1. Restrict the check to region 116-132 and report whether at least one residue is in contact (Cβ under 8 Å) with a residue 40 or more places away in the chain, in a helix (DSSP H, G or I) and farther than 30 Å from residue 437 by Cα.
2. Can we say residue 506 is over 17 Å from residue 601 (Cα atoms) and without any contact (Cβ under 8 Å) to a residue 12 or more places away in the chain?
3. Any idea which of 448, 456, 423, 441 is farther than 30 Å from residue 741 by Cα and more than 28 Å from the chain's Cα centre (by Cα)?
4. Of all residues in region 75-93, how many are under 24 Å from residue 361 (Cα atoms) and either in contact with a helix residue (DSSP H, G or I) (Cβ under 6 Å, 6 or more places away or on another chain) or not assigned by the TED database to the domain that holds residue 121 (or both)?
5. Answer yes if at least one residue in region 620-629 is part of a strand (DSSP E or B), over 26 Å from residue 726 (Cβ atoms) and either touching a residue at least 40 places away in the same chain (Cβ under 8 Å) or not assigned by the TED database to the domain that holds residue 232 (or both), and no otherwise.
6. Given the options 207, 180, 176, name the one that is over 21 Å from residue 515 (Cβ atoms), surrounded by 16 or more Cβ atoms within 10 Å (Cβ to Cβ) and at pLDDT below 95.
7. Give me the helices (runs of 4 or more DSSP H) completely within region 292-398, filtered to those with at least 2 residues that are surrounded by 19 or more Cβ atoms within 10 Å (Cβ to Cβ), ordered by residue number.
8. Being in contact with a strand residue (DSSP E or B) (Cβ under 6 Å, 6 or more places away or on another chain) and part of a loop (DSSP other than H, G, I, E, B) is the requirement here; does residue 155 meet it?
């Protein structure tokens with residue numbers, strides 16, 4: 001070929017002499033296309049010292065506002081309307097001009113970069129990127145884990161201003177998750193707290209709905225989505241004020257009108273091609289989320305909500321209103337929020353009393369937005385708090401400016417870092433692995449892969465929950481006879497519950513109920529030769545639940561207007577969603593049952609079989625049991641009058657309910673040699689050991705309380721068979737002496753023991 005070293009090919013040696021460089025072609029862009037400022041180059045480097053990377057983020061609260069919350073009259077004078085504005089480059093009231101300009105310029109650089117290239121560079125450059133969702137369904141769940149830990153678990157373990165827990169042993173932790181599909185925030189809370197947290201969800205129906213079936217880490221058994229007007233048939237549109245009001249009514253009815261402990265809001269929508277004005281496009285969403293939070297939050301409650309830029313007077317005004325509504329407010333960017341975006345969170349701690357006027361003001365603003373929100377309308381709400389009012393509070397205005405400048409500069413730094421990583425594909429972030437481990441440890445989240453819960457066979461789960469102690473499950477209660485009453489040493493030892501009927505003439509409606517998770521619920525008679533049967537009733541229970549109960553048909557109304565409801569009444573329990581209660585005193589076990597039932601209650605789900613904790617009566621108060629008993633007219637051709645027991649009416653019950661009563665089950669709740677006695681001098685019960693002669697007003701921790709096994713094996717049933725006199729006698733002597741226990745027999749026995 002005539003080649004000579006150091007010369008090019010060709011007649012005049014005009015060919016290239018250097019090594020042909022490797023192709024720098026990226027993706028699908030045109031051959032030879034060069035993007036100014038984003039040219040691929042292995043010479044581009046990055047100085048990792050420019051970043052501030054710390055597992056524990058610093059917290060900076062706005063100093064507490066000393067003014068009283070504003071009143072509605074003054075608030076209404078604050079609102080200002082004007083023409084819609086779709087530019088943000090002149091919004092420098094609350095940040096330095098150079099910071100705003102750099103943020104917008106850096107964002108604009110990436111308009112020319114292919115999305116996939118942008119994602120790859122972002123993934124390689126973000127020090128916290130590999131944390132991802134971990135054991136949860138998405139990154140949002142881990143973000144909530146991050147924020148909860150950063151604020152000393154103020155959401156999942158709330159404390160009052162004295163540092164004491166706001167939750168008593170019988171209290172549920174109530175929370176709301178709004179604009180939150182698919183539900184990562186809620187999955188985290190339910191993982192952290194289990195069924196002892198009760199959640200209410202509100203989000204758009206459809207593709208963005210909650211994906212409860214994907215809650216692998218935290219089971220959604222105590223989470224109830226609600227979509228506003230129309231309930232489950234609603235659309236979940238937070239821009240509709242009546243949807244918010246419907247949600248508020250529902251939540252308050254479900255929390256005894258107390259409201260909830262904390263609200264999480266994570267609303268957002270695609271702003272592709274309009275990233276620079278994301279704040280302006282999101283202003284109405286900010287407002288509606290703030291209003292919904294206040295509409296359900298109790299005094300002393302907390303709130304966390306996603307924001308983006310807060311440069312405009314409108315956004316800062318909303319933050320100012322929260323500053324006047326809560327004791328403490330913080331603008332916070334967690335490590336799990338990608339550093340190159342404008343996302344941040346407002347965290348509000350301890351709602352102040354007397355803030356209903358701010359809530360009402362926000363409702364009026366939401367209604368006004370609905371009036372002026374047509375596509376063609378140019379009208380807009382420009383200010384919710386005047387600029388001069390904000391600036392008059394030097395402390396608040398300075399905090400917002402400092403926060404915006406700090407977050408803006410950090411965003412610019414990381415946008416430049418992504419640019420460098422996009423240009424040089426050899427760059428990588430070495431700290432990702434170690435930071436992942438440190439963060440998960442700090443947040444108290446296991447470093448494990450997400451996995452679907454495994455379902456055990458009910459037989460295997462029963463052995464696990466009972467530690468293979470199964471010999472007594474087939475024991476049936478003895479029948480109540482006068483001789484049994486004579487043998488009672490102390491009536492204060494006994495508790496009783498009214499038994500009900502499932503279907504007429506059904507011999508036994510009592511079963512053991514076991515859940516291995518969600519709808520995988522089984523029932524068993526306790527007889528070793530009988531098999532576990534999958535529940536035909538639609539029932540959802542947390543995994544590792546085992547209780548004893550009966551299937552009962554409840555009624556509302558009488559005669560032709562009567563309605564029927566299939567229910568399950570819990571008589572006693574061994575394990576409630578991984579919480580072992582079997583060795584507690586019976587009354588304490590039933591308090592746990594009441595808490596369990598309340599957490600699982602879902603009035604919007606008429607397809608589910610409701611649970612009810614049996615009302616427990618003390619034997620010395622047996623007359624109050626009979627106060628619940630009356631004759632009710634049964635629906636049907638026979639028009640029979642049935643002996644019925646009225647159940648306690650809850651706040652959310654629309655009408656009184658009752659069930660056909662078939663007998664009373666008695667449990668002794670102490671075990672030998674302990675007895676519960678009554679002190680005439682102090683007018684209260686105490687516990688007495690007949691062997692040691694020791695007495696104690698407080699129940700001894702060991703050896704005194706009858707366990708589930710003790711109660712179950714010594715239970716006595718008083719069946720209400722035909723011929724028994726169970727209604728109030730017409731005369732004191734109207735009680736047959738036939739060797740059976742009648743109403744008057746039992747009441748006479750109790751009164752005699754009480755010395756009445």
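The values are calculated or read from the model by the stated rules, or taken from the named source; none is laboratory data. The shown structure was predicted, so the numbers you read here are calculated from the model rather than taken from an experiment. Note that we place each Cβ from the backbone using ideal geometry, even for glycine, and neighbour counts take in every protein chain shown.
1. No, region 116-132 contains no residue that is in contact (Cβ under 8 Å) with a residue 40 or more places away in the chain, in a helix (DSSP H, G or I) and farther than 30 Å from residue 437 by Cα.
2. In short, yes.
3. Exactly one of 448, 456, 423, 441 is farther than 30 Å from residue 741 by Cα and more than 28 Å from the chain's Cα centre (by Cα), namely 423.
4. Residues that pass the stated criteria total 1.
5. Looking for residues that are part of a strand (DSSP E or B), over 26 Å from residue 726 (Cβ atoms) and either touching a residue at least 40 places away in the same chain (Cβ under 8 Å) or not assigned by the TED database to the domain that holds residue 232 (or both), one finds none in region 620-629, hence no.
6. 180
7. Helices (runs of 4 or more DSSP H) meeting the threshold: 313-325, 356-371.
8. In short, yes.
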